[in-house]
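The structure appears right after this line, and notes come after that.
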Amino acid sequence: MLETIRLICDSGLLVLIWMVQLIIYPSFSYYQHEDLFQWHSSYTKRIAVVVIPLMVAQLIISLIQVYTTPNFYSILYSTLVVGAWLSTFVMFVPLHDNISKERDVAISIKKLKLHNWLRTLLWSLIFMLTCYLKITSL
């Protein structure tokens, strides 16, 4: 059961991060600043409703699995999840805050598009690890 919830969370975050990387962040460059500020406020609130439960569930699952099955794969999974959390709160929350406060907007958008490849890689690796473990456990 836990593995199925893990697969659902990891799949959801994989699809989400690729949409953010390929569609949402690049679209920021096409908005006039006034329109971006208005839309960004709405966007961050709405996407949080999807992202926060998935990230929290993923973190809880990783902690449970490290505690119950402390092996290479559970530790690797937890490390990747913590990396996604750290990058989100250390790098991306401040960049979104800059946009919300209308500070360094062009630079923040550029950094979002460039640096988000890190989270895209992390959540892709997380998903691949989960798929590998699911397939090899059959």
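Of the residues F89, F127, only one is crowded, with 16+ Cβ neighbours inside 10 Å, out of contact with any strand residue (DSSP E or B) (no Cβ under 8 Å at 6 or more places or on another chain) and closer than 23 Å to V15 by Cβ; which?
Of F89, F127, the one residue that is crowded, with 16+ Cβ neighbours inside 10 Å, out of contact with any strand residue (DSSP E or B) (no Cβ under 8 Å at 6 or more places or on another chain) and closer than 23 Å to V15 by Cβ is F127.
Check the range 40-47 and report whether any residue there is over 24 Å from R6 (Cα atoms), surrounded by 12 or more Cβ atoms within 10 Å (Cβ to Cβ) and not polar (S, T, N, Q).
For the range 40-47, residues over 24 Å from R6 (Cα atoms), surrounded by 12 or more Cβ atoms within 10 Å (Cβ to Cβ) and not polar (S, T, N, Q): present.
For every residue, the table says whether it meets (1) free of Cβ contacts under 8 Å to residues at least 12 places away in the same chain; (2) surrounded by 15 or more Cβ atoms within 10 Å (Cβ to Cβ).
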site	(1), (2)
L16	no, yes
Y31	yes, yes
E34	yes, no
F37	no, yes
V50	no, no
L54	no, yes
I61	no, yes
V93	yes, no
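Hey, could you check the range 102-128 for residues that are part of a helix (DSSP H, G or I) and of a type in the set (D, E, K, R) and say which is nearest to the chain's Cα centre (by Cα)?
R119
What are the residues in the range 63-76 that are in contact (Cβ under 8 Å) with a residue 60 or more places away in the chain and either closer than 18 Å to M128 by Cβ or buried (at least 18 other Cβ atoms within 10 Å of the Cβ) (or both), if any?
Selection gives Q65, Y73.
Would you say Y67 is of a type in the set (F, W, Y), part of a helix (DSSP H, G or I) and under 23 Å from R6 (Cα atoms)?
Against the criterion (of a type in the set (F, W, Y), part of a helix (DSSP H, G or I) and under 23 Å from R6 (Cα atoms)), Y67 qualifies.
Bear in mind these aren't lab numbers, they're just calculated from the coordinates by the rules spelled out. For clarity, every value in this text was computed on a predicted model and none was experimentally measured. Neighbour counts are summed over all protein chains in view; Cβ atoms, including those assigned to glycine, are modelled from backbone coordinates with ideal geometry.
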